[in-house]
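Contents: one structure, followed by commentary.
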Amino acid sequence: LRPGTVTTPGGRRPTRWWEEETGAAAADFAMVTPMLVLVFLAVMQLGFALHVRNTVISCAAEGARFGARDGSTPADGAARTKELVTRSIDSRYARDVRASEATTADGTRVVVVEVDAPLPVVGPLAIGHVQVRGRAYAEDQ
């Protein structure tokens, strides 16, 4: 065989044009690349959604601790939570923040901060919501 001659995997020279494998790599690349891009984007989106969820959970817990301090009110905790979420992610994730004081079964007072934030499903577009709560024991008891 001359150099540059196309052969089949068995080593024989193809006799028909459809037995040649020239251009097969380009066709494989064209078929596999869109699937890999979709998988990559899905993983990135999952990471973004988890980042938003974990950040809102952390901010709610910190706001509850702030509102449970001696001399603070649950409203102070809600304001602190809004501030933290706004600085960490964006203000649209801090639109629905509520704080209240609850009592456990044994009579212990607890500050509860609830956040209802949009959950980004397609890029930054939010379709669903994530509801989280942060709790802390009131220090002035």
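Quick check for you: with a 1.4 Å probe and neighbouring chains kept, what is the accessible area per residue of segment 43-136, in Å²?
The answer is 55 Å² per residue.
For the residue pair residue 96 and residue 46, what label-to-label distance in nm results when each label sits 7 Å from Cα along the Cα-to-beta-carbon direction?
2.6
Out of the chymotrypsin sites (Phe, Trp or Tyr not before Pro) in segment 43-104, which ones are loop residues according to DSSP with at most 11 other C-beta atoms within 10 Å?
Loop-located and lightly packed - none at all.
So how much slack lies between residue 122 and residue 105, counting 0.36 nm per residue of separation and subtracting their Cα-Cα distance, in nm? Before the final figure, lay out the partial values.
On the way: separation 17, 0.36 × 17 = 6.12 nm, distance 4.16 nm.
Result: 2.0 nm gained on full extension.
Which FRET efficiency, nearest 0.05, do residue 88 and residue 36 yield, Cβ-Cβ r, R0 22 Å? Don't skip to the answer; put the middle values down first.
Numbers: r = 31 Å, r/R0 = 1.43.
Here the calculated transfer efficiency is 0.10.
If Rh is defined by the Kirkwood formula over all Cα pairs and Rg also comes from Cα, what ratio Rg/Rh do you get for segment 27-141?
Rg/Rh for segment 27-141 comes to 1.21.
For segment 58-141, give the percent of accessible area contributed by carbon and sulfur heavy atoms, probe 1.4 Å, rounded to a whole number.
Roughly 48 percent, rounded to a whole number.
Just the ratio, please: alpha-carbon radius of gyration of segment 44-97 over 2.2 N^0.38 Å, N its number of residues.
For segment 44-97, the normalised Cα radius of gyration is 1.18.
The values are calculated or read from the model by the stated rules, or taken from the named source; none is laboratory data. Model, not experiment: these values are computed from the prediction. Using ideal geometry, Cβ is built from the backbone for each residue, glycine included, and neighbour counts are taken over all protein chains shown. For the accessible areas, the whole protein counts, side chains as well, though only heavy atoms, and no ligand, DNA or RNA atoms are used. Shrake-Rupley method; radii C 1.70, N 1.55, O 1.52, S 1.80 Å.
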